[in-house]
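Participant: Next up is a structure, given as structure tokens.
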Amino acid sequence: MLEKSQQEENKLFIVLISCIAAIGGFLFGFDSGVINGTVEGLKAAFSADDVGTGFNVASMLLGCAVGAFFAGRMADIYGRKTILLVSAVFFLVSAWGSGISESSLEFVFYRIIGGLAVGAASVMTPAYISEIAPARYRGTLTSIQQIAIILGLFSAFISNYLLAEYAGGSTATFWFGIDAWRWMFWIEILPATIFFIGLFMIPESPRFLVASQKMEQAATVLCRLYGKKASPRKLVEIAQSLAVDRHKPSFSDLKHKQTGKIKKVVWLGIGLATLQQLVGINVVFYYGSVLWQAAGFSESDALLINIISGFVSIFACLITIVYIDKLGRKPFLIIGSLGMAITLSIMVYAFANASQGVNGQLQLGDYGILALIAANAYVFFFNMSWGPVMWVMLGEMFPNQLRGSGLAVSGVAQWVANFIITMSFPVMLASFGLAFSYSVYAGFSVVSLLFVVYFIHETKGLELEQMTDY
């Protein structure tokens, strides 16, 4: 028999508002992926050289770290829901503005606004879901973020492909005599509008309301979420967890008062966020076609491999959603790190044994299938573990008093590491080759394994009020 408090719990409502919040993850993925189909259009429209085009493509990353940093702090002042609403507006402005831009400068401005939205959504979506979901299936609901990101990427690729196909190319004119690449950006207006409208249906985080001394509103939200009988108990637990310092959350909470040193949980959050990127997953997402063509596959085969990797990613995330609240977070991270270290090492072996073909292109020969299987196994292990679980843990591992600030600094670390990996891969590829590049990522996978084994604490089944700062 379920406890009465669990019977009164409004599970359907909790799942619904979690899915609405996860649309932020979908837009995160869509905004990151839509740029891939517009490169030729940007070159033609702005008469940009390779360097200029590269900056146009990467400009969003400039806003992502800033968005993640300020979203966490602003959410402690204005609320989780408010920051999600602001990010929805920014997604709309960026989508529209990117499509109407007439110069590189104007385009970069709107892409940076999109970056602010992506950065904010990347930390606020898991934070919000963690703060409204019960502990026993909090991991499952927060994991939806990763599937939403992947679906957003896929949707961008599909809409780009369809628009280019019907228009006759990304630079060809389409509806109302407007170039197809501009419509690729405007497609994002639809999910961004749904996100904006949907956010008016969700309540503010009860933990933010308690921190803001809005007890009546917090009690009302808790009643809607957990029922009348559980609401008073939850309200007391949240209030007690915030009563230690008796002040509004701030960045000063990241340090110990006596020693002035950064709290251990903050370093753990930064470590998780950074290592998720240093294992090299975005090389597969951002440079998939370049990677496989460099390994000797045709352009057509390279695009097909990317599609296969996408399906593998979704399947892996579904496994996590089903089992994360049964097995825990730490086992998934350990399995993922071990699996990535092995599969990346196999890829290094395959690339190291490739022969040099015409124009310096690698010829994998008999090692081609081995590399392909290992690459998709690597994608599987990442998306079953570090992909979703990192976001789950960042959303729940910080105590209530420093969750916003902790997410802010962890989010910055994640996007800085993303930028480093994204910018360094082409240089490493040109200077040292694929084998060396992937040996670096394999090395970081081993580091991630040791990091989890020795430093990460399990959070499965714990209420947010039980989280400590070590």
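The values are calculated or read from the model by the stated rules, or taken from the named source; none is laboratory data. Keep in mind the model is a prediction, meaning the values are calculated, not measured. Methodologically, a virtual Cβ is constructed for each residue, glycine included, from the backbone with ideal geometry; neighbour enumeration extends over all protein chains shown. Just the protein is used for accessible areas: all its heavy atoms, side chains included, with ligands, DNA and RNA removed. Shrake-Rupley method; radii C 1.70, N 1.55, O 1.52, S 1.80 Å.
Participant: Would you mind checking which residues have amide H under 5 Å from D179's amide H? H placed 1.01 Å from N; only 5 or more apart, or other chain.
Facilitator: It is F174, by chain and number.
Participant: Here is a further query. Non-local amide H neighbours of A133 (under 5 Å, H modeled in plane, Pro and chain starts lacking H): which ones?
Facilitator: Under 5 Å from the amide H of A133 lies no amide H from a residue far enough along the sequence or on another chain.
Participant: List the residues whose amide H sits under 5 Å from the amide H of S205, counting only those 5 or more places along or on another chain, with H placed 1.01 Å from N in the peptide plane.
Facilitator: Amide H to amide H, under 5 Å and 5 or more residues apart or across chains, S205 pairs with R80, K81.
Participant: Now for a separate question. Please compute the length gained on full extension between W96 and Q213, using 0.36 nm multiplied by the number of residues separating them and subtracting their Cα-Cα distance.
Facilitator: Full-extension gain reported as 38.3 nm.
Participant: Continuing with this model, one more query. Over the heavy atoms of W186, what accessible area does a 1.4 Å probe trace out, to the nearest 10 Å²?
Facilitator: Surface open to solvent at W186 totals about 40 Å².
Participant: Using a simple spin-label model with points 7 Å from Cα along the Cα→Cβ vector, what separation in nm is obtained for F311 and I420?
Facilitator: Output for this residue pair reads 3.6 nm.
Participant: List the lysines whose Cα sits under 25 Å from the Cα of K11, skipping any in the same chain fewer than 8 residues away.
Facilitator: Here the lysines satisfying the reach criterion relative to K11 are K81, K214, K228, K229, K234, K326, K460.
Participant: Right, next: Using just the C-alpha positions of segment 115-173 as equal point scatterers, what log10 of I(q)/I(0) does the Debye formula give at each q in 0.16, 0.19, 0.30 1/Å?
Facilitator: -0.64, -0.75, -1.11
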